Amino acid sequence: MTTPKETQAILIKQYPEGLPKESDFELKSIPVAEVTEGSVLLKILWLSVDPYLRGRLKPNNNPMPLGEPGASAGVGQVVESKNSKLNVGDYLYGNFPWQEFVVLSQEKVNEAMKLDLSGGLEPNLALSVFGITGLTAYFGLLRVGQLKEGENVLVSGAAGATGSSVGQIAKIKGARVVGVCGGKEKAQFLKEIGFDEVIDYKEEKNLQEALKKAFPNGIDVYFDNVGGEISDIAVGLLNRFGRVVVCGQISIYNEDGPASTKLQGPRLWHLLIYKSIRIEGFVVLTYRPEFPEAIKELITWYSQGKLKKKETIENGLANLPKAFIGLFKGENIGKQLVKL
């Protein structure tokens, strides 16, 4: 394939204030570099947009550069190669810019991962079931949460990509799982994939009472994707030696300062003392050396039908900002992807 001279890209036009807007981004044609020795030309097929990216759109938090393409996890296919280890047609997973074509240097090629899609696996699975989403659920629940068979698990943001995987893995491991979500469609989805009980916070007048009723014997592991009121209540319901896995805090990602009331909650630290509770945040890349073995187990569960996926897909690079903004409006069920 002849290297295109230009490619469409989504640039960061300005850092959002509060909820991101489409005007914070810009669709623009940018030059494509030349394919030189050791590099490859990649056609981006899929891009993932995730809540944590909101933190990269704040000027004081290692931000994505203004005027440059955004970047996130993606899958692409090699369409031209001057790299001895990669052939045309190979699929790569990595952190890729928000553009249709990109030339990866030798260094960037080494950072990416070649995908083995034998057995008819779809390339977008590398962004959900056995990608960062599945791995976050796997290590967060089993390593950080130290889940044991028969325990009671609460998952907030349960209908999201990570939360839905957490619930299914917990069921595979013999736990009882309750998920919190917002909306009837999401609640139905969680029931279909095996959650024992679902709490729709949009329908509950008293969330605290609903959670108490769902956990008559207390909570052993709370997998937190949301923060806010749900977490304040959940910590109070934890059993002795309970664990809180802090994976995400989507309820406050769009807040701009420490004065926000959403950043202020009950002071529950005394519970950590007499209940011997452990609260731990984590970054899944900490466990990168163990990814290959975890991926094998995740693929096995998926092939056996024990681990199911749900995707919300926007078509076309131009719709990436819409997909990203939708995360904070609760519009997605399962993994939010953009198909180029």
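The values are calculated or read from the model by the stated rules, or taken from the named source; none is laboratory data. Remember, predicted model here, so these are calculated numbers, not experimental data. Here the Cβ is made from the backbone with ideal geometry for all residues, glycine too, and neighbour counts use every protein chain on show. Note: areas computed on protein heavy atoms with side chains; ligands, DNA, RNA excluded. Shrake-Rupley method; radii C 1.70, N 1.55, O 1.52, S 1.80 Å.
Given the criteria open to solvent by 30 Å² or more (accessible area, probe 1.4 Å) and in contact with a strand residue (DSSP E or B) (Cβ under 7 Å, 6 or more places away or on another chain), does Pro51 qualify? Please lay out each step first, then the result.
Details: open to solvent by 30 Å² or more (accessible area, probe 1.4 Å): yes; in contact with a strand residue (DSSP E or B) (Cβ under 7 Å, 6 or more places away or on another chain): no.
It is false that Pro51 is open to solvent by 30 Å² or more (accessible area, probe 1.4 Å) and in contact with a strand residue (DSSP E or B) (Cβ under 7 Å, 6 or more places away or on another chain).
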Legend entry - Identity of the residue in the range 51-69, of a type in the set (D, E, K, R) and farther than 25 Å from Glu107 by Cα, that ends up nearest to the chain's Cα centre (by Cα): Arg54
Inset, instruction - Hey, can you tell me all the residues within the range 208-227 that are outside any loop (DSSP other than H, G, I, E, B), open to solvent by 10 Å² or more (accessible area, probe 1.4 Å) and within 22 Å of Thr162 (Cα to Cα)? - result: Asp220
Inset, instruction - Look through the range 47-77, keep the residues that are among the hydrophobic types (A, V, I, L, M, F, W, C) and touching a Gly at 6+ places or on another chain (Cβ under 6 Å), and return whichever of them is nearest to Gly330 (Cα to Cα). - result: Leu47
Inset, instruction - Kindly indicate whether any position in the range 73-95 is outside any strand (DSSP E or B), open to solvent by 30 Å² or more (accessible area, probe 1.4 Å) and under 29 Å from Ser23 (Cα atoms). - result: no
Legend entry - Candidate set: the range 186-207, residues that are within 21 Å of the chain's Cα centre (by Cα) and basic (Lys, Arg); chosen: the one surrounded by the most Cβ atoms within 10 Å (Cβ to Cβ): Lys186
Inset, instruction - Tell me, please, whether a residue that is among the charged types (D, E, K, R), outside any strand (DSSP E or B), at pLDDT below 95 and surrounded by fewer than 23 Cβ atoms within 10 Å (Cβ to Cβ) can be found in the range 229-237. - result: yes
Inset, instruction - Determine whether Asn254 is at pLDDT 95 or above, surrounded by fewer than 19 Cβ atoms within 10 Å (Cβ to Cβ) and out of contact with any His (no Cβ under 6 Å at 6 or more places or on another chain). - result: no
Legend entry - Boolean, Lys148 is open to solvent by 10 Å² or more (accessible area, probe 1.4 Å), among the charged types (D, E, K, R) and either closer than 17 Å to Val198 by Cβ or within 19 Å of the chain's Cα centre (by Cα) (or both): no
